[in-house]
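First the structure, in the form of structure tokens, and then the observations on it.
The values are calculated or read from the model by the stated rules, or taken from the named source; none is laboratory data. Keep in mind that this is a model prediction, so the values were computed, not measured. Glycine gets a Cβ as well: all are built from the backbone with ideal geometry, and neighbour counts include every protein chain shown.
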Amino acid sequence: MAAIVKVIEVLAQSEKSCDDAAKVALEEASKTVRGIQSIYVKDMQAVVENDRIVQYRINAKISFTLER
């Protein structure tokens, strides 16, 4: 029987970078989801205060194989 893949959408943020926000998303998701295969960063956003970026945010899709 073929594997079924499920996709969840998550939001994450970091003070360092969008790359770090993606790592945060993956680390947090992996605490409760097994079999993660990929992460797709759908959108990126930055919060600006006093002409400076203070938060990097991402909206990502994480795919994983469902267990039988």
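Inside segment 1-39, residues that are under 25 Å from Thr65 (Cβ atoms) and outside any helix (DSSP H, G or I) make up a count of 22. Just one of the listed residues (Ala3, Ala21) is touching a strand residue (DSSP E or B) at 6+ places or on another chain (Cβ under 6 Å) and surrounded by 13 or more Cβ atoms within 10 Å (Cβ to Cβ), namely Ala21.
Within segment 40-62, identify whether any single residue is more than 16 Å from Leu11 (Cβ to Cβ), among the acidic types (Asp, Glu) and part of a loop (DSSP other than H, G, I, E, B), and answer yes or no. Can you show your working first?
Going through segment 40-62, the residues more than 16 Å from Leu11 (Cβ to Cβ) turn out to be 48-54.
Now drop any that are not among the acidic types (Asp, Glu), which leaves 49, 51.
From the residues that got through so far, the ones that are part of a loop (DSSP other than H, G, I, E, B) too are 51.
Checking segment 40-62: at least one residue is more than 16 Å from Leu11 (Cβ to Cβ), among the acidic types (Asp, Glu) and part of a loop (DSSP other than H, G, I, E, B).
In the condition set (1) surrounded by fewer than 13 Cβ atoms within 10 Å (Cβ to Cβ); (2) at pLDDT 95 or above, Leu66 is compliant with all but (2).
Residue pairs whose Cβ atoms lie under 7 Å apart, separated by 6 or more positions or on different chains, with the first residue in segment 7-21 and more than 13 Å from Gln45 (Cα to Cα) and in contact (Cβ under 8 Å) with a residue 40 or more places away in the chain and the second among the polar types (S, T, N, Q) and part of a strand (DSSP E or B), are Val7/Ser63; Glu9/Asn59. Contact map, segment 49-68: first residue under 23 Å from Ala29 (Cα atoms), second residue among the aromatic types (Phe, Trp, Tyr) and surrounded by 10 or more Cβ atoms within 10 Å (Cβ to Cβ), Cβ cut-off under 6 Å, separation 6 or more or different chains; pairs are Lys61/Tyr40. For segment 34-53, indicate whether the set of residues that are modelled with pLDDT of 95 or more, surrounded by 15 or more Cβ atoms within 10 Å (Cβ to Cβ) and of a type in the set (Gly, Ala, Ser) is non-empty. Checked against the condition, which is being modelled with pLDDT of 95 or more, surrounded by 15 or more Cβ atoms within 10 Å (Cβ to Cβ) and of a type in the set (Gly, Ala, Ser), segment 34-53 yields no hits at all.
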